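All remarks here apply to the structure that follows.
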Amino acid sequence: MNLKLVAVGIFACSAFAQDPVCLPVEGSQIRGSDLGRAIPAFKNIPSDSPLAPVPPLGGSRVFAATELQTLASRFSISPGSFPDVCFRMATEVLTRDRVLEAMQASLRTPGVRIQLFDISNEKVPRGRIEFPAEGLVRPALPDSKSPVLWRGSVLYGNGERFPVWGRVAVTATFTRVIAVTTLRPGVPIELSQVRSETIEGFPVQRPTLQPEQAAGMVPLHNIAAGAEVRKEDLVPPIDVHKGDRVRVEVQIGAALVALSGRAEANGRIGDLISVINPDSSKTFQARVESKDKVIVESASLGR
């Protein structure tokens, strides 16, 4: 017999005994069911009994023979000769199908198209893949189709998260309102100054706006020709200007009292403004009802 081959064989067996193959474990704890799967003698340990924390990704947890003897005594298992057993965190490589499924579940917007260019390629813990909408980076321009980063995570163990990412182009077809000419702040918009257009671009949750809704509204700032007109950039026009003569109506019991007043501030329908009584020079608060009428909500006129 070749003694050299025998020595090599003995060394290989020794190395195998010292470095057992690590079994993958899901969750945050190595439990009785995991140990029973590795060593049949321990199969009667209650399956949900926690034995040790699962090591971090890339690490391992070895139960040496002496520790296994202690566990055998603890769970009334007949003593014996047990080999070392190793456990590691269960991992997997992300697949494009699962990543796309998680992304689509996050957006839940009809008509949205997701083009997936690249994803995390390292091993990750086994768990639920999540790509929250807030992790999606917006492109610089809304009509851009350039790939952007989408940050997500794998939820595993006891609520731990492992970061993952994808590079995507997210587009949808939507309609927006465009300024035909430059719109000036404080100047009501005319219908001829705006138009609608349908584009394919990054889907942004925004209040819907039609040209007819923009007409008559007042921009809060300059909106250049060709720029998008957004609902949050517009306010209703001022209905009552400071110095305007207004009809003041006051309900006193069953009687309706009306008098003339002068607005002391600008206001829109629904606003509460100061109004002066010309006869007494006293001011009172009234709510704007229309362009030339205000309503007093109390009987006090400051007379």
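A short reminder: the numbers here are calculations on the coordinates, not readings from a lab. Please read these numbers as outputs of a predicted model, since none were measured by experiment. Cβ atoms come from the backbone with ideal geometry, glycine included; neighbour counts cover every protein chain shown.
For the range 245-296, divide the Cα radius of gyration by the Kirkwood radius and give the resulting Rg/Rh value with two decimals.
That ratio equals 0.94.
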Exercise. Given H placed 1.01 Å from N in the peptide plane, which residues other than close sequence neighbours of Val180 have an amide H under 5 Å from its amide H?
Worked result: Val194, Arg195, Gly226
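To the nearest 20 Debye, how big is the dipole of the range 93-172 about its Cα centre, given +1 on the beta carbon of each Lys and Arg and -1 on that of each Asp and Glu? The partial results should precede the final answer.
On the way: 12 positive and 8 negative charges, 13 e Å.
Dipole magnitude for the range 93-172 comes out near 60 debye.
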For this session: Could you pull out every one of the aspartates and glutamates with an alpha carbon less than 20 Å from that of Lys123, ignoring same-chain neighbours closer than 8 positions?
Result: Glu26, Glu92, Asp97, Glu101, Glu160
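To the nearest 20 debye, what is the magnitude of the charge dipole of the range 81-238 about its Cα centre, counting +1 on the Cβ of each Lys and Arg and -1 on the Cβ of each Asp and Glu? Don't skip to the answer; put the middle values down first.
On the way: 19 positive and 17 negative charges, 28 e Å.
Dipole about the Cα centre, nearest 20: 140 debye.
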Seminar exercise, completed: Expected sort for Trp165, Trp150 with the fewest Cβ neighbours (10 Å cutoff) up front is Trp165, Trp150
Problem set entry | Note, ³J(HN,Hα) from phi for the range 29-45, Karplus 6.51, -1.76, 1.60, rounded to Hz, x at Gly and Pro | 10, 7, 10, x, 5, 5, 5, x, 5, 7, 10, x, 4, 9, 5, 8, 5
Exercise. Which aspartates and glutamates does Lys43 reach when only Cα atoms under 13 Å apart count, and residues fewer than 8 places away in its own chain are ignored?
Worked result: Asp34
Seminar exercise, completed: Inter-part gap, Cα centre of the range 108-186 to Cα centre of the range 25-42, in whole angstrom, is 39
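Kirkwood hydrodynamic radius, computed over distinct alpha-carbon pairs, for the range 159-298: how many Å, to one decimal? Show your work: numbers first, answer last.
Numbers: mean 1/r = 0.0542 Å⁻¹.
For the range 159-298, the Kirkwood estimate is 18.4 Å.
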Problem set entry | Amide H contacts of Glu297 (H built 1.01 Å from N, under 5 Å, at least 5 apart or other chain) | Arg287
For this session: Putting +1 on Lys and Arg Cβ atoms and -1 on Asp and Glu Cβ atoms, find which of Ala254, Val229, Gln115 reaches farthest to the positive end of the dipole of the chain.
Result: Gln115
For this session: Would you list which lysines come within 26 Å of Lys242, measuring only between C-alpha atoms, while excluding same-chain residues fewer than 8 positions from it?
Result: Lys282, Lys291, Lys293
Seminar exercise, completed: TM-like helix rule applied to the chain (DSSP H, alpha carbon span at least 18 Å on the long axis, mean Kyte-Doolittle at least 0.0) gives 3-18
For this session: In whole Hz, with x marking every Gly and Pro, tabulate ³J(HN,Hα) for the range 173-185 from phi via Karplus 6.51 cos²θ - 1.76 cosθ + 1.60, θ = phi - 60°.
Result: 9, 8, 10, 9, 9, 10, 6, 7, 10, 5, 9, 9, x
Seminar exercise, completed: Phi-derived 3J(HN,Hα) across the range 208-213 with the Karplus relation (6.51, -1.76, 1.60, θ = phi - 60°), rounded Hz, x for Gly and Pro, is 5, 9, 10, x, 5, 6
Exercise. For the chain, what relative contact order do you get, as a whole percent, if you take Cα pairs closer than 8 Å and at least 6 residues apart?
Worked result: 10
